[in-house]
Amino acid sequence: MATVTYDHVNKKFGETSAVKDLNLAVRDEEFLVLVGPSGCGKTTALRMLAGLEEQTNGDIFIGERRVNDVAPKDRDIAMVFQNYALYPHMSVYDNIAFGLKLRNVPKAEIERRVNEVAEMLSIGQLLKRKPKELSGGQRQRVAVGRAIAREPAVFLMDEPLSNLDAKLRIQTRAMLQKLHQRLRRTTIYVTHDQVEAMTMGDRIAVMSAGELQQLDTPENLHERPNNLFVAGFIGSPSMNFFDAKIVGGGGGATADAGFFRAPVKGQAAEAVGREVVLGVRPEDIDDLANAQQNGHLPVEARVEVVEFLGNELQLQLSADGQTFVARVSTNTQTRPGAVLRVGFNLKKLHVFDKATQIALR
């Protein structure tokens, strides 16, 4: 078990910066998720930690040991890849045992570890099979088992669920969470799927264009995003954004978005005359016919699309030429073309400086 530290780490491919001045401290036993869109630098950051890519400058530490010049095999890490990377000619038993044999682990200890891992992952009945005889989910379990058998200080996982179907992805996600609770090893998990990130991570590091945007708990990322990128990336459906301008002043400052004006406080109230972006999540827009109106800013909107999702309705609405999404109760009676009176929850309103894209609080 160990901490992981990136200290001013940069990575360039030619003139392209893949990772820019990354400073990140992963706690001992933590499950940390690196999340962001394709090309944001998350996999490059993971590969530098594994020793598969050499950083351009900066230092990487595992525990107290600086590992810049340490060979991958000596870093005490185990990696689970997106494509499983199993040896097709070997049995499941031999795939799991392979790394242990390379390290000259005694045969009895290898057998103990392989059997223990197989029981943990419910793949004991598969030990004699070859990878071609396994389903995608079974292959992924074998790849995870191979990493667990190593008993490393740090687990690295690079989008391990992306090749699985939706149902199996949910099942395997739950399995990985249970394994982490049992093993309590430091784990860094890379994904582009913000739902995976929000459901799995103790903390989440959001990256964009090679830069760390915010490092926080899932709850804080959702409720207190630092900037427009994080606000728009975290949450499904995405946060709704409206261009506005701060008018008035002092206790009477408001953000004027055209078809509605919202009272603002704190830094936003002091930004009179500045262009801002207002953000409100779909779940913070309520049908006022079915919700308490206290603390809600009423808005009349035209219903463009109604999507029934079983436990809720997802509405695409429009007002003053702008479209936005609301998630409301199935008790809402509406149809495309109707006018619906909705309320924006003012306690959940986010304000961002339009120029800097930083949250005003």
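The values are calculated or read from the model by the stated rules, or taken from the named source; none is laboratory data. Since we're looking at a predicted model, the values are computed, not measured. Neighbour counts are summed over all protein chains in view; Cβ atoms, including those assigned to glycine, are modelled from backbone coordinates with ideal geometry. The area values use the complete protein model at the heavy-atom level, side chains included, leaving out ligands, DNA and RNA. Shrake-Rupley method; radii C 1.70, N 1.55, O 1.52, S 1.80 Å.
Some points to look at:
- The one condition from (1) of a type in the set (A, V, I, L, M); (2) in contact with a Ser or Thr (Cβ under 9 Å, 6 or more places away or on another chain); (3) at pLDDT 95 or above; (4) over 27 Å from Val195 (Cβ atoms) that Val303 does not meet is (4).
- Residues in region 177-195 that are open to solvent by 10 Å² or more (accessible area, probe 1.4 Å) and touching a residue at least 12 places away in the same chain (Cβ under 8 Å): Gln177, Leu179, His180, Arg182, Leu183, Arg184, Arg185, His192, Asp193, Gln194, Val195.
- Members of region 167-225 that are acidic (Asp, Glu) and either over 23 Å from Phe81 (Cβ atoms) or over 12 Å from the mean Cα position of the chain (by Cα) (or both): Glu211, Asp216, Glu219, Glu223
- Spans of strands (runs of 3 or more DSSP E) in region 49-163 with at least 1 residues touching a residue at least 60 places away in the same chain (Cβ under 8 Å) and under 18 Å from His180 (Cα atoms): 77-80, 154-158
- Members of region 154-198 that are touching a Phe, Trp or Tyr at 6+ places or on another chain (Cβ under 6 Å) and among the hydrophobic types (A, V, I, L, M, F, W, C): Met157
- Note on region 2-45: residues that are touching an Asp or Glu at 6+ places or on another chain (Cβ under 7 Å), over 18 Å from Arg66 (Cβ atoms) and of a type outside the set (Ser, Thr, Tyr) total 4.
- Number of residues in region 137-172 that are touching a His at 6+ places or on another chain (Cβ under 9 Å) and surrounded by 20 or more Cβ atoms within 10 Å (Cβ to Cβ): the value is 1.
- Qualifying residue in region 84-91 (condition: under 25 Å from Glu196 (Cα atoms) and modelled with pLDDT of 95 or more): no
- Residue match in region 206-213 (condition: charged (D, E, K, R), modelled with pLDDT of 90 or more, touching a Ser or Thr at 6+ places or on another chain (Cβ under 6 Å) and surrounded by fewer than 20 Cβ atoms within 10 Å (Cβ to Cβ)): no
- Count - residues of region 349-361 that are surrounded by fewer than 18 Cβ atoms within 10 Å (Cβ to Cβ) and at pLDDT 95 or above: 5
- Here Gln316 clears all of (1) under 32 Å from the mean Cα position of the chain (by Cα); (2) farther than 24 Å from Leu221 by Cβ; (3) loosely packed, with under 14 Cβ neighbours inside 10 Å; (4) of a type in the set (S, T, N, Q) except the condition numbered (3).
- Residue selected from region 164-197 under the condition part of a loop (DSSP other than H, G, I, E, B) and in contact with a Pro (Cβ under 9 Å, 6 or more places away or on another chain), by the criterion nearest to Gly235 (Cα to Cα): His192
- Annotation note: Cβ proximity below 7 Å between a residue of region 335-352 that is in contact (Cβ under 8 Å) with a residue 12 or more places away in the chain and a residue that is of a type in the set (S, T, N, Q) and part of a strand (DSSP E or B) (sequence gap 6+ or interchain) occurs for Phe352/Asn227.
- Residue in region 224-236 that is buried (at least 21 other Cβ atoms within 10 Å of the Cβ), small (Gly, Ala, Ser), at pLDDT below 95 and within 16 Å of Lys348 (Cα to Cα) present: no
- Selection within region 50-69 - under 24 Å from the mean Cα position of the chain (by Cα) and open to solvent by 30 Å² or more (accessible area, probe 1.4 Å): Leu52, Glu53, Phe61
- Each residue in region 85-136 was checked for being farther than 22 Å from Leu168 by Cα, aliphatic (A, V, I, L, M) and surrounded by 14 or more Cβ atoms within 10 Å (Cβ to Cβ), and 6 of them qualify.
- Lone qualifier among Ala143, Ala78 - being closer than 25 Å to Phe61 by Cα, touching a Phe, Trp or Tyr at 6+ places or on another chain (Cβ under 8 Å) and at pLDDT 90 or above: Ala78
- Per-region count, region 237-251, residues surrounded by 15 or more Cβ atoms within 10 Å (Cβ to Cβ) and on the phi > 0 side of the Ramachandran plot: 1
- Failed item in (1) open to solvent by less than 20 Å² (accessible area, probe 1.4 Å); (2) touching a Lys or Arg at 6+ places or on another chain (Cβ under 9 Å), with Glu29 passing the rest: (1)
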